[in-house]
Each structure stands twice: as C-alpha cells, then as structure tokens.
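Written below as structure tokens is the structure these notes are about.
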Amino acid sequence: MATRRPPRVAVWKFASCDGCQLTLLDCEDELLAVADAVEIANFREASRAVVEGPYDLSLVEGSITTAEDARRIREVRAQSRFLVTIGACATAGGIQALRNFADVEEYRRVVYARPEYITTLASSTAIREHVAVDFELRGCPIDKSQLLEVISAFLVDRVPNVPTESVCIECKRRGNVCVVVAHGAPCLGPVTQTGCGAICPAFHRGCYGCFGPMDSPNTAALIPLLEHTGMTPAAVRRFFSTFNAAAPAFRAATESVAEASSPP
Amino acid sequence: MTDRTIAVDYLARVEGEGALIVRIHNATVEHVELRIFEPPRFFEAFLRGRSYREAPDITARICGICPVAYQMSACHAMERALGVSVGGPLRDLRRLLYCGEWIESHALHIYLLHAPDFLGYPDAIRMAKDHRELVQQGLRLKKIGNALMQLLGGREIHPINVRVGGFYRCPTRAELDGFRPELESAFTLAEATARFAAGLDFPDVEEDYDFVALRHASEYPMNEGDVVSSRGLQIAVDDFEEEFREIQVPHSNALQSVRKDGNPYLVGPLARYALNYDRLRPRAASLARETGLGHVVRNPYQSIIVRAIETAQACEEGLAIIDRYVLPDSPSVPLPSVASPVSGAAITEAPRGMLYHRYRLASGGTIEDARIVAPTSQNQKRIEEDLRHLVERSIDLADAPLTDACERAIRNHDPCISCATHFLRLELARD
C-alpha cells in the first residue's frame, strides 16, 4: 500500500499585525506534533522553504486593502482545498476597516509626507468578500485551542467544534462575577461571540468585543444598558467600532446610535 | 561591463512583508533597497477622535509580536500628557509584563527565526528533525515568557489587562509566588541558550554602528530613561524629534528614521547592551562574561548571544520584582480630567529597540494627533548599510549564496515589518 502523503498546510498574510499566525508558533506544546502530522508547505514567517501548491488547508490572516492583494487572494483560493480565515482582520476587515467609514485620501495625506508613494484601496475588506471561505475563525487575536481544533477538524474532514454563543455563557461557566452587575462596567459580552475564555471579565474589565458579534446579537437591548453605565453616545459608537468595526451587526449598532453633539 | 541584481521577493522568517533588491554595476554596489510592501493600515489617522484611554488597546494591534511595547509606550505617553506618575508595585508589574514579552520575543527569534541560519536549515521545524531537544528547549523558554504575559495580561497576544494609569486587576502575592519556579527555570534555559549561541560559528565582521538606546539611572532600560548614543548624545525623551527625523522613500511603505545629520543608527539588543552593560543584573552580567563577549558587540551575527543574555536579564529582573511584590491598594492610579489641550511623549524599549509615541489631546481627552516611531523604521536604513557592506565583501559569490547571505544579514536585526509600516508622521509635510 502506498503511503499517504501528509496534508499540506499553508499560512498566508494580508494586512494584519501578524498576531494570528504567531498563535500557531505560540502552540509551544503542540507545534512539533502538528509539524509531524502535516507538511507545513508555505509559512513565510516561519520558513524559507516553500512547497508549491495545491494545498489541503490554507490559513489566511489579514484583510484585503490593495488591488494586488485582491488578486493574490484569488490565487490562494485556487490552490486551496479548504480556506480558513484566522482572526478579525480576515473575517471582518480588522481595525484598519475604520477607513471604510472615513476619507482614505485624507488618511493617506495625514500619515505620509509623500502620499503618492502609497498604493491602497479605499476599504479594508474581509476575505469572504473576495473568495469563498470554508470557515471563519474569530478573534483579535484568535484563540490557540480553537486554532488547533480547526486544523484538526479540516484535516479529517469534519466540522470544527467552535461555539457561537455569547461571551456571557462562557463567563458564567468560568464563575466570573458579572462586571456589569457588580461594578457597572460597560461590557459587550452579551453580544460578542465566545472563544476568548471570557478573560476581560476575569480581569474585572468589560468585554470589548474582539471576537466580533455573536449569532443574532440583541444590540438594541444592550445600547441603553451601555448608556446607563455612563457612556456617552459617542463612546457607545466607538465601543462597537474598534476591532470588528465593519462586521455587519456591530456596524448596524454603531449607526443606530445618533451622532450626538454630546461630549466624547 | 556587467550588471547584476540580487533580489528576494518575499523575505522569510521576518515578521511582515518585505523584499530586498541590490543592484551591482561592475563589481560596485550601486543600490540597496529593503523594500517594505506590507500594506499601510493608517493607525495615526484613525487614532484621531478616539479617547486617550483607547490608545493602549488600539496601538497594540500594530504588532502581534510586541503588543506590550505598544501598550507601554502609549500608557507612558498618555500619563506624561496627564501629569500622572505610576510608581511602586504598579510600575514593577509593568516591567514584569514587559519581561514576559522580552523572554517570548527573544526566544522566538533566537530559536525559530535566527538559529536555523547558523545550523543550515530553512526553518526550526525542519531543524527539529535533527535537533529536537534544542528546539524543545527554545519552545519551553518561549512558553514561560508567554505564561508570564498570560498571568499578568490575560493573554500573550494583545493582553487585555493594561490601562492608562495601571491595570484592571493586579495578581495576588500567591499567584506571583506560584510563578517563581517557572521563571527560575526560564533563567536556567536562558543560560543554556547563551552557551549554545556562544558556541556557534560567526562570520568575522564588525560594523561601525551608532548605537542608540534608553539609559536609566539604575536599571537595564525598559520603561524609561534618557536617549543616549555611542557617539555621545544624551537627551531627554521630549527632545527625540529634535535629534531624529524621518524620511520617506519611494520603495517603502515605512518611513526611515535618521539622525538629524542624515546618518543611520541602530536600536535594539546590540545598542542596549553596548550602552547599558553596567546595568545588567549580577547573574546576567556573569553570564555575559562567561560567553566571552566584550562590553560592546559590533558583530551583528552575535546579536543571537546578546538576545540570550537579555533573556536571562529579563528572567532575573522578573524574579527580583516577584520577590519584593506587595499587592497595591488599587490596580490603577486615578486620572485627572483633561481640562485643556495637553501633549506627552514616551519611549520604551521593545524587544527590537526604542518605540516612540507622542500624542496631543484636546480638552476632554480626545486624541488630536499621534506620532509613532517603531524600532524597525529606525533600523531600516542601518540594515541597508549592513547589506551594502556584505555585498561589497562578498561580491565574488554566485547569486544564490549571495542572496542567502543577504537574507541572513537582515534577520540579524529581527526586523518587524508589520510594525514599521504604520508609523509615520501625522503632521502634514508636503513638498
């Protein structure tokens, strides 16, 4: 019987901070085991060796912000049996999607003395807006054990076991005291997808939404509660407009709060 | 007459997206270009209009490799603007968190990015096929750095526990005591790392660097100090923009920093070590002596040994902090309201070198103007100098080995291209 070749995994980077692909290298206890089970065929941050595609699994970090990257992601898709996005940039456009709601020409002039040297698109978009995506892993950054679960699942053709409930559920399970009830802290936990381990409430801080909106979040009910904690409308808008600003449910929540003339 | 071009389209084992082009004409190096094509993300632009309290979490997202550095520089700059000082155990806890990042980041570079160049492998995973114990030793060390960041920061990438004025929650004495044996074993691993690194073969090269780093009255620099250089500069952080300026070049989405006379300079482990050798803690200093390094290291390849010594320094510093820790009454100091416009600047020592933040706040505390200068923007021009000298020395090599040698020379400085891309000035400076 011929030996089956190990599955080929590739890691790709677009506009991002590199933190999500670093998560793979942060699996200190599992990294060598993963490397024994798969062929790490294209991972520029970690290796000079590049094995040509096609790939069984492509992990994609970062958002699309240039015409060249919009072309490159189609090439990645064409070479990949499964394509999984890792993190808020690839899944929702990341914090750099704040440009989508501003004037990118002005941004370019503000940051660069010679804006003509800089090529960029007017928007930062999720990978799914360019190519078909087989699974989206949330987080800014992603969670290590969820990443290992997704890699394992795709390599044996099963659906990853990644819960889509709110942070509140995980927070209760962890036994945290509710920071909203106990301390009046503003918290996005009721509308944010779980997966982080509810770490912010465990550190006496409200969730700030880095895993993006949960499935059917009730943001309309949460907004008055946020205002009740003392947040101004402008602060509520910013709260929804940070690391997942362009995720549709958070964008809609931002837009539902009137741009008031109140203090920031 | 011959023209040669040495090109690397996509640099490997560096953080972020960069390329390299060297043009050679008749055995003379005509042009060296470390090209940064990482797309810009415009942090300085969208920071405007946000509350000063949001800066630590937002700027952390500039770099997943050194988020604590961004959080620290942002907090210190805001506290300078607000006229607030954070001392005692809260200051210690910040340094302890930063020690975690130094340990993790240095271990990542030493074992996963740099060592494969010395042992002749394309990456650490393939290196592990022959040197499994060595790679496991590196991963153990890296894991302890990450665990320290989890303990204090909640997670290792983009920690959630840092705020202007301190923290959201402070660890208990028992939690830190429980971590002490881990940090002690990290010190032992760092010693083994330094001994391993000192035994590697190094090309016989010295560069005439203008080293620039922080210097503190009593500590190996991390969170504060004056800016000093090996050519005699000593200035306060507030005068940084008087002595250093940024230039924009067509081939890069990052600005390059230069001294005001236009000359390049080097920040990072080699600079910190050369300018602060006398500030190493006793066991780290004794490790430095044991490796046979002098007080100043100008061979960029030997930065791998210096990183190992700095890792030991971070472990030893962390142990001292744990030993004197007393749980503070409050996890953060009170912050005044911003009644009138203020500004503040700070530099801290990221694993890769000085990270400068400067903010101007409107009354009410909204950010009006932000400026961030990352270590790799500062080193970019100096790395191009290293490359120029390397190619001049090695002009007889064939293209393939010369290209490999160039990539390797870049990795000596652990460039973080994701960082370097977003920095730039907020003030308009149109021609």
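FYI, it's all coordinate maths here, none of it is from the lab. Remember, predicted model here, so these are calculated numbers, not experimental data. All Cβ positions, glycine included, derive from the backbone under ideal geometry; neighbour counts span all protein chains shown.
Computed FRET efficiency, Cβ-Cβ of B:R180 and A:A70, R0 45 Å: what is it to the nearest 0.05? Intermediate values should be presented prior to the final figure.
Numbers: r = 51 Å, r/R0 = 1.13.
Result of the calculation: an efficiency of 0.30.
Over the residues of the protein assembly as shown, compute the C-alpha Rg and express it relative to 2.2 N^0.38 Å. Spell out each step's value before the answer.
On the way: Rg = 23.9 Å, N = 695, 2.2 N^0.38 = 26.4 Å.
With N residues counted in the protein assembly as shown, Rg over 2.2 N^0.38 Å equals 0.90.
Could you work out how far apart the two model spin labels at B:H25 and A:E106 are, taking each label as a point 7 Å from the Cα in the direction of the beta carbon, and quote it in nm?
My value for the distance between the label points is 4.4 nm.
How far apart, in nanometres, would the label points at A:V38 and B:F202 be if each is projected 7 angstrom from Cα along the Cα-to-Cβ direction?
Reported label-point gap for A:V38 and B:F202 is 3.8 nm.
Of all trypsin sites (Lys or Arg not before Pro) in region A:146-245, which ones are in loop regions per DSSP and have a Cβ with at most 15 other Cβ atoms within 10 Å?
Values: sites: A:R158, A:K172, A:R173, A:R174, A:R205, A:R237, A:R238; in loops: A:R158, A:R205.
Qualifying residues, ordered by number: A:R158.
Just the ratio, please: alpha-carbon radius of gyration of region B:216-330 over 2.2 N^0.38 Å, N its number of residues. It would help to have the intermediate numbers written out before the result.
Numbers: Rg = 17.0 Å, N = 115, 2.2 N^0.38 = 13.4 Å.
The reported ratio for this selection is 1.27.
Mind checking which of A:A70, A:A49, A:A198 has the largest fluctuation in a GNM of chain A, springs on alpha carbons under 10 Å?
With Cα springs under 10 Å in chain A, the top fluctuation among A:A70, A:A49, A:A198 is at A:A49.
Keeping to pairs on different chains or 8 or more places apart, tell me how many lysine pairs in the protein assembly as shown have Cα atoms under 25 Å apart.
11
How large is the helix-only mean residue ellipticity at 222 nm for chain A, computed as the sum of -39500 (n - 2.57) over DSSP H runs with n ≥ 4, divided by its residue count, in deg cm²/dmol to the nearest 500? Please report the intermediate quantities before stating the final value.
Numbers: 12 runs with 95 residues, N = 264.
The helix-only estimate for chain A comes to -9500 deg cm²/dmol at 222 nm.
With +1 on each Lys and Arg Cβ and -1 on each Asp and Glu Cβ, and nothing else charged, work out how big the dipole of region B:43-420 is about its Cα centre, in Debye to the nearest 20. Mind dumping the intermediate values first?
Details: 43 positive and 52 negative charges, 195 e Å.
Once rounded to the nearest 20, the dipole reads 940 debye.
Over all residues in A:196-202, what is the mean tally of Cβ atoms on other chains that come within 10 Å of each residue's Cβ? Write out the running numbers ahead of the final one.
Numbers: counts 3, 3, 0, 7, 6, 2, 5.
Mean number of neighbouring Cβ atoms from other chains: 4.
How many nm is it between the label spots at B:S85 and B:S337, if each spot is 7 Å from the Cα in line with the beta carbon?
Those two pseudo-labels are separated by 2.6 nm.
For a Förster distance of 35 Å, can you work out the FRET efficiency between the beta-carbons of B:S330 and A:T232, rounded to the nearest 0.05? Please list the in-between numbers first.
Values: r = 25 Å, r/R0 = 0.71.
Plugging the Cβ-Cβ distance into 1/(1 + (r/R0)^6) gives 0.90.
Say the dipole of chain A comes from +1 at the beta carbon of Lys and Arg and -1 at that of Asp and Glu; which of A:A67, A:I151, A:C168 then lies farthest toward its positive end?
Farthest along the dipole direction, towards plus: A:A67.
Treating the beta-carbon of each Lys and Arg as +1 and of each Asp and Glu as -1, no other charges, what is the dipole magnitude of the protein assembly as shown about its Cα centre, to the nearest 20 debye? All intermediate terms of the calculation are to be shown ahead of the outcome.
Working: 76 positive and 91 negative charges, 240 e Å.
For this selection, approximately 1160 debye.
Sorting check: for B:208-219, A:52-63, B:55-66, which peptide has the highest mean count of neighbouring beta carbons within 10 Å, and how do the rest follow? Write down the numbers at each step before the final one.
Numbers: B:208-219: 17.8, A:52-63: 23.5, B:55-66: 26.0.
With the highest mean Cβ count within 10 Å placed first, the list reads B:55-66, A:52-63, B:208-219.
Below 11 angstrom from the Cβ of B:Q71, what's the summed charge of the other residues (Lys, Arg +1; Asp, Glu -1)?
+1
From the Cα trace of region A:167-223, what convex hull volume per residue do you get, rounded to a whole Å³?
Working: hull volume 4.0 nm³, N = 57.
Per residue, the Cα convex hull of region A:167-223 comes to 70 Å³.
Under the definition of partner shielding as Cβ atoms of other protein chains within 10 Å of a residue Cβ, what is the mean value for peptide A:205-217? Intermediate values should be presented prior to the final figure.
Working: counts 8, 1, 1, 3, 0, 5, 0, 0, 0, 0, 0, 0, 0.
If you average over the peptide's residues, the count of other-chain Cβ atoms is 1.
Please compute, for peptide A:100-113, the average count of beta-carbon atoms on other protein chains lying within 10 Å of each residue's beta-carbon. Don't skip to the end; give the middle numbers.
Values: counts 0, 1, 5, 1, 2, 0, 2, 8, 3, 3, 12, 16, 11, 11.
Average per residue, whole number: 5.
Which FRET efficiency, nearest 0.05, do B:R388 and A:V181 yield, Cβ-Cβ r, R0 45 Å? Could you put the intermediate results ahead of the total?
Details: r = 63 Å, r/R0 = 1.39.
Efficiency, rounded to the nearest 0.05: 0.10.
Charges on Cβ only, +1 for Lys and Arg, -1 for Asp and Glu, centred on the Cα centroid of chain B; of B:N223, B:C406, B:F202, which one is farthest towards the dipole's positive end?
B:N223
Helix-only estimate, please: 222 nm mean residue ellipticity of chain B, summing -39500 (n - 2.57) across DSSP H runs of length 4 or more and dividing by its residues, to the nearest 500.
Values: 15 runs with 186 residues, N = 431.
The helix-only estimate for chain B comes to -13500 deg cm²/dmol at 222 nm.
Hey, can you rank B:123-133, B:185-195 by average C-beta count inside 10 Å, highest first? Kindly include the intermediate steps, with their values, before the conclusion.
Details: B:123-133: 17.5, B:185-195: 21.5.
Taking the mean over residues of other Cβ atoms within 10 Å, the ranking is B:185-195, B:123-133.
Restricting to the protein assembly as shown, what percent of DSSP beta bridges are antiparallel, rounded to 5? It would help to have the intermediate numbers written out before the result.
On the way: 48 of 69 bridges.
For the protein assembly as shown, the DSSP antiparallel bridge percentage is about 70.
For chain B, place one equal point scatterer on every Cα, skip the solvent, and apply the Debye formula. What is log10 of I(q)/I(0) at q = 0.08, 0.11, 0.13, 0.14 Å⁻¹?
Treating every Cα as an identical point scatterer, log10 I(q)/I(0) equals -0.42, -0.81, -1.14, -1.32.
For a protection proxy built on the mean count of beta-carbon atoms within 10 angstrom, sort B:100-109, B:404-413, B:280-289 highest first, please.
The packing order, highest mean first, is B:100-109, B:404-413, B:280-289.
Taking the Cα centroid of region B:327-357 and of region A:83-118, what is the distance between the two, rounded to the nearest whole Å?
Here the answer is 26 Å between Cα centres.
Taking the Cα atoms of region A:8-155, report the difference between the largest and smallest coordinate on each principal axis, in whole Å and largest first.
Answer, in whole Å and largest first: 48, 27, 27 Å.
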